[in-house]
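**Student:** Sharing a structure with you now.
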Amino acid sequence: MPRGARMRRRRLAALSSHGAFATFPPMEASISISVTVNGEPREIPEGATVAVLLAQIGLDIRKVAVERNLEIVPRSTYAAVRLAAGDQLEIVHFIGGG
């Protein structure tokens, strides 16, 4: 084994024996929260907005109305309204026809 590789291995061993690597919490891909959408539980990323949720569901923001915790969310604020754990959402999708 080359001398440089041995030295790196010794340094890593010394760090791990002192707990240097144990101080970092495990990395998670993303933290999610639970909300209820039209009576169904749904996991969404923490900090998601109404616009993010609608995109995740695949709905056009121009064709829906959203109620959050019994209050209508103005369409102009979809990108700014952050969802919180436990939020109750009702989404109505408009369908045109004749």
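The values are calculated or read from the model by the stated rules, or taken from the named source; none is laboratory data. Because the structure is a prediction, the values reported are computed rather than measured. Note: ideal-geometry Cβ built from the backbone for every residue, glycine included; neighbour counts use all protein chains shown. The protein model used for the area step is the full one, side chains on, heavy atoms only, and it has no ligands, DNA or RNA in it. Shrake-Rupley method; radii C 1.70, N 1.55, O 1.52, S 1.80 Å.
**Student:** Contact list please: Cβ distance under 9 Å, first residue in the stretch 67-88 and farther than 14 Å from GLU40 by Cα and open to solvent by 100 Å² or more (accessible area, probe 1.4 Å), second residue in a loop (DSSP other than H, G, I, E, B) and among the aliphatic types (A, V, I, L, M), pairs at least six apart or on different chains.
**Tutor:** These pairs meet every condition: ARG82/ALA48.
**Student:** Still on this structure: The conditions are (1) under 19 Å from the mean Cα position of the chain (by Cα); (2) modelled with pLDDT under 95, and THR49 fails exactly one of them. Which is it?
**Tutor:** Among (1) under 19 Å from the mean Cα position of the chain (by Cα); (2) modelled with pLDDT under 95, the lone unmet condition for THR49 is (2).
**Student:** A further question follows. State the number of residues belonging to the stretch 49-68 that are among the acidic types (Asp, Glu) and closer than 19 Å to GLY96 by Cα.
**Tutor:** 1
**Student:** So the check is Cβ under 6 Å with 6+ separation or different chains; which pairs have a first residue in the stretch 39-51 that's free of Cβ contacts under 8 Å to residues at least 12 places away in the same chain and a second one that's of a type in the set (S, T, N, Q) and exposed (fewer than 12 other Cβ atoms within 10 Å of the Cβ)?
**Tutor:** Qualifying pairs under 6 Å: PRO41/SER34; GLU43/SER34.
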